[in-house]
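The values are calculated or read from the model by the stated rules, or taken from the named source; none is laboratory data. Computed from a predicted model, the values in this text were never measured in an experiment. Methodologically, a virtual Cβ is constructed for each residue, glycine included, from the backbone with ideal geometry; neighbour enumeration extends over all protein chains shown. All accessible areas refer to the heavy atoms of the entire protein, side chains included, with ligands and DNA or RNA removed. Shrake-Rupley method; radii C 1.70, N 1.55, O 1.52, S 1.80 Å.
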Amino acid sequence: NDDKQINEIEGMAQDISNSRQESMILKLRCHILQLITDKQAQNSKLKIEAILTDLAVGIEAIIKDVHCAIMLFDKQSEHLSPVAVPSLPIELIDSLHKLEPLDKQSDTLENTMACLSAGRTLKRKIITDLKLFDNSASELLKHESYRAACSEPVLSSKAKILATVDFYYKQTGKPDESDLRIIAIASDLLARLLEPDDSHTNQGYLPGNI
């Protein structure tokens with residue numbers, strides 16, 4: 001009947017959409033892995049910032065309603081610093097640069113900045129509705145009318161914070177399973193890229209030290 005035909009068409013369209021997204025995820029992952037391999041090659045001049053930007057741009061191409069930010073952690077200053085922020089407004093980027101060290105953050109600010117919570121607790125932080133927090137910290141996410149956020153910590157093999165991958169949404173609510181899978185893949189790729197070795201001893205991961 002007509003109802004059955006419509007359901008079949010809708011199901012087919014959803015399958016095609018899912019297949020296309022899976023293809024885009026695989027392509028992005030392979031691209032970043034190749035860049036990591038090139039970076040690790042002897043005499044490579046490839047900048048980490050360029051790899052992170054490719055990753056963030058690729059994520060935004062897959063998830064149309066997300067603005068992605070990658071924050072790197074400097075272990076000397078205890079700061080998270082935005083490095084790949086292709087779509088965030090300048091005002092918000094400036095605010096992120098001015099954040100205090102992780103060990104000095106207040107609980108109130110942590111509630112509205114998912115990256116700070118992820119950096120401190122080493123656990124994924126999801127904020128479903130930023131409007132629930134009526135304080136000055138929420139101004140940091142007001143520039144582009146962001147309404148929700150999700151941050152995934154990137155950890156070393158010793159469970160130390162290396163970075164965060166952050167998704168900013170203009171609608172309230174939780175990330176769907178596909179978004180969570182993509183942010184987990186991004187975290188894994190960053191861990192491969194940023195895992196400390198002898199050459200990084202006593203150095204941070206901010207652009208000037210890379």
**Request:** Return the sequence-ordered ³J(HN,Hα) values of the range 34-39 in whole Hz as given by the Karplus equation 6.51 cos²θ - 1.76 cosθ + 1.60 applied to θ = phi - 60°, using x for Gly and Pro.
**Result:** 5, 5, 5, 4, 5, 4
**Asked** In what order, largest first, do 85, 57 sit by accessible area if the probe radius is 1.4 Å?
**Response** 57, 85
**Item:** Extended-chain gain in nm, criterion 0.36 nm per residue less alpha-carbon gap, residue 188 and residue 90
**Value:** 32.5 nm
**Message:** What whole-number volume per residue, in cubic angstrom, does the convex hull of the C-alpha atoms of the range 23-99 give?
**Reply:** 99 Å³
**Theoretical FRET efficiency, 1/(1+(r/R0)^6), r = Cβ-Cβ of residue 156 and residue 100, R0 22 Å, to 0.05** = 0.45
**Request:** Go through the range 170-183 residue by residue and turn each phi into a ³J(HN,Hα) via Karplus (6.51, -1.76, 1.60, θ = phi - 60°); whole Hz please, and just put x for glycine and proline.
**Result:** 8, 10, 6, x, 8, x, 7, 4, 5, 4, 5, 5, 5, 5
**Fill in**
Per the 1/(1 + (r/R0)^6) rule, R0 = 22 Å and r from the Cβ atoms of residue 174 and residue 132, FRET efficiency to 0.05 is 0.95
**Message:** Could you report the accessible area of residue 93 in Å², rounded to 10, computed with a 1.4 Å probe on the protein chains as they sit in the structure?
**Reply:** 30 Å²
**Asked** So for the pair residue 50, residue 181, with labels modelled 7 Å out along Cα→Cβ, what separation do we get in nm?
**Response** 3.1 nm
**Message:** Need the list of lysines near residue 39 for cross-linking: C-alpha distance under 27 angstrom, and skip anything on the same chain fewer than eight residues off.
**Reply:** 27, 47, 75, 158, 160
**Request:** With all protein chains present, calculate the accessible area of residue 39 using a 1.4 Å probe and round the result to the nearest 10 Å².
**Result:** 60 Å²
